[in-house]
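Everything on this sheet refers to the single structure shown next.
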């Protein structure tokens with residue numbers, strides 16, 4: 001446990017010293033801020049007209065705007081945050097030195113993963129400010145917000161774990177980032193692919209499988225709207241465990257690879 | 001004078017052996033895709049499987065040393081074990097997911113209970129469930145190809161109906177493009193004549 005904590009502390013400190021991490025945070029918050037502002041202005045204008053007819057309030061789409069946008073942006077955020085993690089260690093040869101320390105590969109990988117997930121959690125928590133702003137213009141549904149944030153947090157963890165696989169596969173950070181982005185985008189668009197497959201008479205059977213494999217099917221309609229399903233939580237948690245296990249096996253190959 | 005003609009085994013093969021290996025993997029992947037996505041193992045699947053197997057045999061014949069190294073080498077010993085362990089682990093994770101999915105644990109966190117029954121509806125449906133004179137009801141929900149998310153949301157509400165009525169109200173979802181005629185499904189205890 002202390003080995004995991006040592007790696008975690010070292011990596012987390014590196015994130016707060018790294019210009020890329022700050023650039024990612026800046027770009028993400030700027031993008032979210034602009035979109036949130038536009039969406040809020042629209043929503044307020046709509047609510048004023050509805051209030052004149054006796055309705056009003058903050059809608060679910062306002063509440064899950066920030067988490068939903070973050071999950072969409074994960075195909076960029078994930079690769080940028082993880083591309084350095086293992087690829088740089090391999091390129092600079094420091095991974096061999098780390099492997100001589102009294103810790104196994106799993107502890108090393110888990111420590112690194114917890115560090116990047118913690119950094120992502122900090123980014124996610126910064127967007128809670130949007131929820132606080134919403135409380136000033138209406139009465140937001142705390143259940144929906146909680147579900148959406150929980151979903152975005154787990155979604156981010158799964159994406160970061162998947163991206164770590166590519167960082168372990170290649171020593172080139174750019175290649176790792178591209179492969180990670182492609183993988184996350186494919187998983188993000190699996191739901192769209194499933195819709196196309198449903199229309200095809202020969203591939204209709206695969207539609208359910210493809211949808212279930214994708215990330216959005218476990219977030220967009222359920223967690224983002226305040227519906228907690230055990231299968232969605234299990235999907236993200238098992239995805240993290242599976243991806244970290246594969247990453248560990250890949251790093252382990254260094255011990256016996258010719 | 002030296003003989004300039006290269007020996008047969010030193011000549012570069014017209015088709016490199018690893019091309020055969022790539023072909024074998026591609027064939028097996030296509031066969032697997034057919035197995036997973038099609039209702040029956042079609043001629044495409046058999047064809048891909050055949051091509052994959054033949055390509056594998058061709059690779060063994062073209063590069064016997066490589067094949068032997070793959071089976072008996074250091075990489076095979078450690079890599080093979082690692083691959084098997086990873087495959088078993090992933091299958092175990094899938095099994096856990098399928099088990100959890102089967103349990104159907106859900107919760108509606110919305111403050112306005114958007115995806116569950118209101119207290120009044122719950123009382124009315126409990127009354128239907130308790131009345132032995134009322135026939136059972138089967139709800140049919142139709143969803144288009146792009147409405148899978150909506151179906152996930154409605155499942156919570158429909159399950160609530162079924163649970164509150166003590167099983168008197170049942171439900172099922174169907175694709176709106178499903179060609180099978182609707183009259184085959186018993187509705188509210190009535191059957192087509």
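Before moving on, here are some points about what is shown:
- Looking only at residues in the stretch A:193-217 that are within 9 Å of chain B (Cβ to nearest Cβ) and either touching a residue at least 24 places away in the same chain (Cβ under 8 Å) or closer than 30 Å to residue B:111 by Cα (or both), the one that is surrounded by the fewest Cβ atoms within 10 Å (Cβ to Cβ) is A:212.
- For residue B:78: the one exception among (1) surrounded by 16 or more Cβ atoms within 10 Å (Cβ to Cβ); (2) within 14 Å of chain A (Cβ to nearest Cβ); (3) modelled with pLDDT under 85: (1)
- Output for the stretch A:216-242, where each listed residue is more than 14 Å from residue B:155 (Cβ to Cβ) and assigned to a loop (DSSP other than H, G, I, E, B): A:219, A:220, A:226
- Counting the residues of the stretch B:19-71 that are within 14 Å of chain A (Cβ to nearest Cβ), farther than 26 Å from residue A:196 by Cβ and touching a residue at least 12 places away in the same chain (Cβ under 8 Å) gives 1.
- Residue B:165 passes every criterion in (1) more than 23 Å from the chain's Cα centre (by Cα); (2) at pLDDT below 85; (3) more than 23 Å from residue A:222 (Cβ to Cβ) apart from (2).
- Residue among A:111, A:143 that alone is more than 23 Å from residue A:215 (Cβ to Cβ) and either surrounded by 16 or more Cβ atoms within 10 Å (Cβ to Cβ) or touching a helix residue (DSSP H, G or I) at 6+ places or on another chain (Cβ under 9 Å) (or both): A:111
- The single condition from (1) in a helix (DSSP H, G or I); (2) out of contact with any helix residue (DSSP H, G or I) (no Cβ under 6 Å at 6 or more places or on another chain); (3) at the interface with chain A (Cβ under 7 Å from one of its Cβ atoms) that residue B:107 fails is (1).
The values are calculated or read from the model by the stated rules, or taken from the named source; none is laboratory data. Quantities reported herein were computed from a predicted structural model and do not represent experimental measurements. When we count neighbours, we look across all protein chains shown, and the Cβ atoms used for this are built from the backbone with ideal geometry, even at glycine.
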